[in-house]
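First the structure, in the form of structure tokens, and then the observations on it.
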Amino acid sequence: MKYILFIVFILSLVSCAKHDGYTLTGHVPEAWEGKPVFLALDDTNQPHFIDSTKISGGKFKFQGKFEVPRYCTINIYLDPNDRQTRSKIINFSLFIDSTAVEATCDYSGKHPVFQISGSGTQTEYQNYLSEIQPMEDDRSKTFYAYGEAYYSTKDLAKALELAKLVTEKRLAIREAKMKYLKAHPESAISVKIAQELSDRNSDLSLKEIEGLFTSLSPEMQNSEMGQALRTTIQGRQVFIGGPFIDRELTAPDGSKKKISDFVKPGCTTLIEFWASWCSPCRAEIPHMRNTYSKYHPKGLNIVSISIDSESKNWHQAMEEEKMPWGQLIDNTKAAFRAYNLTGVPSSILVDDKGKIINVNARGGWLDAAMQEIYD
């Protein structure tokens, strides 16, 4: 074990050493001759292409210089005129050091797989994934079992226990990632981990998220991806322990009401974004009615915020679903964007002091939160 750690340590030193530049050489099937290849930086807030070439003689080649290792994506377009259809795009991601890196395509299976050599940071990243991926697979397996219990067999008691187990496994993964980051502050891998832990679904407080950034070495903080991470953190408005975002929206009777009108002192409030056309949203509503019926007398409030563009569709859905709690419509998506959401259903749970305590309080996780608070 000590020998393995020593090797990883040496590789990290090599990856951080200064070189004249990188060379990335790809070895691909001859059938891809002439196909365009693009190199993109994938470790900033806006991934972007930085170079392109064409396959010649079963190879492609990129050259350049990075001050620190960068996380990149290679896109090979099998149809140069179609850059949208996924089945016609071959891509893979890797860390590129300022060294000679080789990417060899293995197309013996159903899908092409690229074997990377020459990048110490990529080797270190693969070692990291070999520890994290089994944990992720185990969590996914439990989440799948939750879905079966919740949606298929309607065994809500089992679904609740599985939801709690999924949370335990997710927190264990988060702890493992944070442990790696703090042990490797000088690694570009740690920046990527910090980015993952700081995304819009993060269940960390602002202080904890800022701590991820300050745990990085000065070189990583000042790098391009480090500064992108800092911009992400500074732009965050929704985080655990922070206040909910208030907006004035339209009520079913056409009057204007604020979200804060439904967030009352001494109560726990679920702010639920949904839409009439969203099947998963509609599928959740019967369970929400049951949970509301059980816990509203104890202090649970709900306000559902529709992002329907047509009010008539919203009114029809409300009539069909018969939801006995507050309703608002956000047809301009002003509140939806303010919460930095990307889809529905999305749920934010707010405590009796107006602080966000959960950013994914749906299904069994809503019940688990209610048990913890009221039972």
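The values are calculated or read from the model by the stated rules, or taken from the named source; none is laboratory data. Treat the numbers as computed from the prediction; the structure is a model and nothing was measured. Glycine gets a Cβ as well: all are built from the backbone with ideal geometry, and neighbour counts include every protein chain shown. Ligands, DNA and RNA are stripped out before the accessible areas are found, and what is left, the full protein with its side chains, is counted by its heavy atoms. Shrake-Rupley method; radii C 1.70, N 1.55, O 1.52, S 1.80 Å.
In segment 257-366, what percentage of the DSSP-assigned beta bridges are antiparallel, given to the nearest 5? Spell out each step's value before the answer.
Working: 7 of 18 bridges.
Once the DSSP bridges in segment 257-366 are tallied, antiparallel ones form about 40 percent.
Nearest 5 percent is fine: what portion of the DSSP beta bridges confined to the chain is antiparallel?
Numbers: 43 of 60 bridges.
Beta bridges within the chain, antiparallel portion: roughly 70 percent.
Could you give the dipole magnitude of the chain about its Cα centre, charging the beta-carbon of Lys and Arg +1 and that of Asp and Glu -1, in debye to the nearest 20? Provide the component values of the computation, followed by the final result.
Numbers: 44 positive and 47 negative charges, 67 e Å.
Result for the chain is approximately 320 debye, rounded to the nearest 20.
Give, as a single signed number, the net charge of other residues whose beta carbon lies under 12 Å from the beta carbon of L328, with Lys and Arg counted +1 and Asp and Glu -1. If you can, show how the numbers build up before the last one.
Working: positive: R247, K256, K257, K258; negative: D246, E248, D253, D261, E272, D308, D330.
Once all neighbours under 12 Å are counted, the net charge is -3.
For the chain, what is the calculated [θ] at 222 nm in deg cm²/dmol (nearest 500), taking -39500 (n - 2.57) for each run of four or more DSSP H residues and dividing by its residue count? Mind showing how you got there, number by number?
Numbers: 11 runs with 152 residues, N = 375.
Calculated from helices alone, the mean residue ellipticity at 222 nm is -13000 deg cm²/dmol.
Placing +1 on the Cβ of each Lys and Arg and -1 on the Cβ of each Asp and Glu in the chain, which of Q221, H315, A368 has its Cα farthest towards the positive end of the resulting dipole?
Result: H315, furthest along the dipole toward the positive end.
Here is the link list: K61/K177; K257/K312; K158/K179. Which ones come out longer than 25 Å on Cα distance?
Values: K61/K177 33 Å; K257/K312 19 Å; K158/K179 32 Å.
Violating the 25 Å Cα-Cα cut-off are K61/K177; K158/K179.
Given the options S215, S223, S56, state which has the largest fluctuation in a GNM of the chain using a 10 Å cut-off (strictly under) for Cα springs.
With Cα springs under 10 Å in the chain, the top fluctuation among S215, S223, S56 is at S56.
Can you grab the distance from the C-alpha centre of segment 213-290 to the C-alpha centre of segment 342-365, Å, no decimals?
Taking the Cα centre of segment 342-365 as reference, the centre of segment 213-290 is 8 Å away.
Highest GNM mean-square fluctuation, the chain, Cα pairs closer than 10 Å: which of T85, T53, T23?
Result: T85 has the largest fluctuation of those listed.
First select every other residue whose beta carbon is under 11 angstrom from the beta carbon of V166; then total the charges, Lys and Arg +1, Asp and Glu -1.
Values: positive: R139, K141, K164, K169, R170; negative: D138, E161, E168.
Around V166, the charge tally is +2.
Go ahead and set up a Gaussian network model of the chain, Cα springs under 10 Å, then flag whichever of E33, E186, E320 fluctuates most.
Largest GNM mean-square fluctuation: E320.
To the nearest 0.05, what FRET efficiency results for M318 and S140 with a Förster distance of 41 Å applied to their C-beta separation?
Working: r = 35 Å, r/R0 = 0.85.
Calculated value: 0.75.
Would you mind checking the tilt of helix 311-321 against the longest principal axis of the Cα atoms of the chain, expressed as 0 to 90 degrees and rounded to 10?
For 311-321 against the chain, the angle is about 70 degrees.
For the chain, what is one quarter of the convex hull surface built on the Cα atoms, given in nm²?
Details: hull surface 87.9 nm².
About 22.0 nm², averaged over all directions.
Which lysines, on any chain, are close to K258 with Cα under 19 Å apart, when same-chain ones fewer than 8 places away are left out?
Hits, sequence-local ones excluded: K333, K353, K355.
Can you find, among W277, Q46, S117, the residue sitting farthest towards the positive end of the charge dipole of the chain, where Lys and Arg contribute +1 and Asp and Glu -1 at Cβ?
Comparing the listed Cα positions along the dipole, W277 ranks first.
Starting at 0 and stepping by 5 Å, how many percent of the alpha carbon pairs of segment 227-375 end up in each bin?
2, 9, 20, 23, 21, 14, 7, 3, 1, 0
For the chain, with all protein chains present and a 1.4 Å probe, just round the carbon and sulfur fraction of the accessible area to a whole percent.
Values: 9790 of 19080 Å².
In the chain, the share of accessible area belonging to carbon and sulfur is 51 percent.
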